[in-house]
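Have a look at the structure below, then the notes.
Just so it is clear, none of the values below were taken in a lab; they were calculated from the coordinates. Quick caveat: nothing in here was measured; it's all calculated off a predicted structure. Note that we place each Cβ from the backbone using ideal geometry, even for glycine, and neighbour counts take in every protein chain shown.
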Amino acid sequence: MRLIFAGTPEFAAHHLQVLIDSDHEIVAVYTQPDRPAGRGKKLLASPVKQLAEQHNIPVLQPVSLKAEAEQQQLRELQADVMVVVAYGLLLPQPVLDAPRFGCINVHASLLPRWRGAAPIQRAIAAGDRETGITIMQMDIGLDTGDMLVTTHCAISEDDTGGSLHDKLMAQGGPPLLQALQYIEEGTLQPQQQDDALACYAAKLTKEEAELDWQLPAAELHNRIRAFNPFPVAHFPLGGERVRVWKAQRLPDTSNQPAGTIVRADADGIVVACGTGSLLSLQALQLPGKKALPVRDILNGHGALFTPGTSLTSH
């Protein structure tokens with residue numbers, strides 16, 4: 001079939017490669033405009049644009065798809081399907097209607113759970129044990145369209161936002177190709193979402209990544225994993241921000257006030273949390289430094305983490 005592909009980050013580029021390796025013809029790629037990046041703030045092409053240019057696929061980078069001229073240009077491509085993966089622009093109804101079989105989306109959750117911008121991280125933060133990929137027929141709502149193909153993926157106790165992103169990225173290709181095959185054969189069996197089960201995966205913010213020691217250790221552990229590698233969980237200490245890259249829940253309990261350092265040694269910095277639970281911090285990043293295992297942090301900065309210190313008073 002004749003496909004248009006729309007996507008921007010690495011997650012999307014992987015799926016573009018899957019389509020390049022298939023028998024389908026990609027007539028154009030849509031991606032976000034180049035953005036300033038790095039210290040020099042030089043304009044950087046998205047991973048999707050870089051891949052498309054390597055394969056001599058025409059690239060279009062509109063700021064918006066609301067203008068009639070942009071919509072007409074898209075219609076003139078005469079695509080059978082538009083495949084959308086983490087594109088980052090809203091598609092107006094005329095765009096959704098332009099391809100012969102409409103637009104389909106690769107979404108990194110088991111819809112209707114976690115509609116929205118950050119489904120991978122929200123699933124971990126909520127303590128979900130399972131997520132997956134949903135190939136969805138797009139409509140004008142936010143991830144509300146009919147489900148076409150679904151795959152499941154277990155979330156392990158060690159998964160971070162980064163590791164689960166990579167697992168789901170690798171898992172998305174086969175169901176995408178399956179959905180395209182069903183469309184081509186006319187054998188699709190779309191499944192309506194149950195809106196009563198829907199929840200929203202809001203965009204991540206740096207503010208919500210600050211740890212609240214009043215919360216149970218299990219919840220803090222989930223947040224630390226979810227926010228790795230972005231925006232990275234943190235807590236204030238001496239007017240500075242200490243980032244937490246890795247932690248571990250402990251089975252024991254404590255009667256110390258939440259936020260109190262109970263002990264600090266090579267095995268971890270143990271902090272009392274809500275409901276008497278304990279969290280062992282395993283890898284930290286001090287301001288202006290690189291992330292290190294706690295044993296190395298304590299060798300040079302042990303005085304910052306003396307047992308009895310309250311992290312809530314900073």
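Our summary gives the stretch 137-246 a relative contact order of 26 percent, counting only alpha carbon pairs under 8 angstrom and 6 or more residues apart.
The local environment of Ala154, defined by Cβ-Cβ distances under 13 Å, has a net charge of -3 under the rule Lys, Arg +1 and Asp, Glu -1. Per-residue packing, averaged as other Cβ atoms within 10 Å, sorts the ranges 184-190, 65-71, 100-106 into the order 100-106, 65-71, 184-190, beginning with the highest. With a Förster radius of 25 Å applied to the C-beta separation of Lys41 and Ala154, the computed FRET efficiency comes to 0.05. Working from Cα pairs under 8 Å separated by at least six residues, relative contact order for the chain is 12 percent.
Using a Gaussian network model of the chain in which every pair of alpha carbons under 10 angstrom is joined by a spring, one finds that among Arg35, Arg115, Arg225 the greatest mean-square fluctuation is at Arg35.
Protection proxy ranking for 80-87, 261-268, 272-279, using the average of other Cβ atoms within 10 Å per residue and placing the highest first: 80-87, 272-279, 261-268. A simple spin-label model places pseudo-atoms 7 Å from Cα toward Cβ; at Lys206 and Ser310 they are separated by 2.8 nm.
In percent, rounded to a whole number, the relative contact order of the stretch 45-138 is 23, using alpha-carbon pairs under 8 Å and six or more apart. Calculate how steeply helix 217-226 sits against the longest principal axis of the alpha-carbon atoms of the chain, using the helix alpha-carbon long axis, and give the answer as 0 to 90 degrees to the nearest 10. Helix 217-226 sits at roughly 40 degrees to that axis. Charged neighbours of Gly102, selected by a Cβ distance under 11 Å, balance to -3 (K, R count +1; D, E count -1). Of the peptides 39-45, 247-253, the order by per-residue mean of other Cβ atoms within 10 Å, starting with the highest, comes out as 247-253, 39-45.
Secondary structure note: in the chain, about 65% of the DSSP beta bridges are antiparallel.
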